[in-house]
Amino acid sequence: ADQLMRRLRVPIVLLRPSADLIAPVSIHRILITLDGSPFAEQAVEAAVSLGAPFGAEYELLMVLEPPLPIADPIGMMILPVPAGVSERRATLAGSYLESLAARLRKDGYKVKTHVVEGPAAARTIIDQTGVLEADLVAIASHGEGGFQRLVMGSVADKVIRGGSHPTLVVRPPAD
């Protein structure tokens with residue numbers, strides 16, 4: 001599955017082996033993870049295409065990791081995060097998600113938006129999958145492997161490996 005996810009340039013659904021797989025598959029709610037980038041938005045179209053035959057509802061989720069204080073240029077002190085930064089970030093994220101949701105609603109889809117702050121994006125996505133009772137998570141992935149994945153980490157990889165839910169992985173088309 002790992003090799004397929006990295007090599008294929010088509011969306012792929014990954015499922016963990018389970019006794020529940022004997023029952024017919026039905027998708028009622030899809031959690032689409034976004035980070036504000038056009039890259040991540042590529043998961044929206046694939047998720048809608050997969051969920052439309054089921055009449056699925058869509059949950060657009062953006063996880064905001066808390067802002068970190070920074071050191072001043074000469075390293076003598078730590079500068080605190082200015083007041084209101086978290087609130088402004090959440091407002092901007094909410095506006096972004098609502099603009100995407102409006103386009104989907106215009107086409108007749110049921111869509112809700114969620115902005116959640118969490119210390120680690122992948123863990124928060126996994127937790128929100130349960131909270132929102134999603135049947136499937138849709139996420140875009142660069143499909144990096146080897147040293148780059150080791151150094152940079154991959155939210156998609158952590159969600160796939162850490163979660164127990166089916167995951168739709170979308171990779172960008174080749175340049």
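The values are calculated or read from the model by the stated rules, or taken from the named source; none is laboratory data. Bear in mind the structure is a predicted one, so any value in this text is a computation, not a measurement. Note that each Cβ is placed from the backbone with ideal geometry, even for glycine, and that neighbours are counted across all protein chains shown. These area figures cover heavy atoms from the full protein model, side chains too; ligands, DNA and RNA do not enter into them. Shrake-Rupley method; radii C 1.70, N 1.55, O 1.52, S 1.80 Å.
Listed conditions (1) at pLDDT 95 or above; (2) hydrophobic (A, V, I, L, M, F, W, C); (3) within 17 Å of the chain's Cα centre (by Cα) are all met by Ile12, apart from (1). Of the listed requirements (1) in contact with a strand residue (DSSP E or B) (Cβ under 9 Å, 6 or more places away or on another chain); (2) under 21 Å from Ile160 (Cα atoms); (3) exposed (fewer than 15 other Cβ atoms within 10 Å of the Cβ); (4) of a type outside the set (Asp, Glu), Gly118 misses just one: (3). Within region 23-55, restricting attention to residues that are in a loop (DSSP other than H, G, I, E, B) and either hydroxyl-bearing (Ser, Thr, Tyr) or open to solvent by 80 Å² or more (accessible area, probe 1.4 Å) (or both), the residue that is farthest from Val111 (Cα to Cα) is Pro24. Considering every residue within region 80-87, establish whether at least one is over 30 Å from Asp107 (Cβ atoms), open to solvent by less than 40 Å² (accessible area, probe 1.4 Å) and modelled with pLDDT under 75. No, region 80-87 has no match at all. One residue stands out among those in region 94-115 that are of a type in the set (Lys, Arg) and more than 14 Å from Thr33 (Cα to Cα): the one that is most open to solvent (accessible area, probe 1.4 Å), which is Lys106. Within region 100-126, residues that are in contact (Cβ under 8 Å) with a residue 24 or more places away in the chain sit with their Cβ atoms under 9 Å from residues that are among the polar types (S, T, N, Q) and open to solvent by 70 Å² or more (accessible area, probe 1.4 Å), at 6+ positions apart or across chains, in these pairs: Val115/Thr91; Ile126/Ser164.
Selection of region 106-146 for residues being at negative phi and part of a helix (DSSP H, G or I) yields Lys106, Ala121, Ala122, Arg123, Thr124, Ile125, Ile126, Asp127, Gln128, Thr129, Gly130, Val131.
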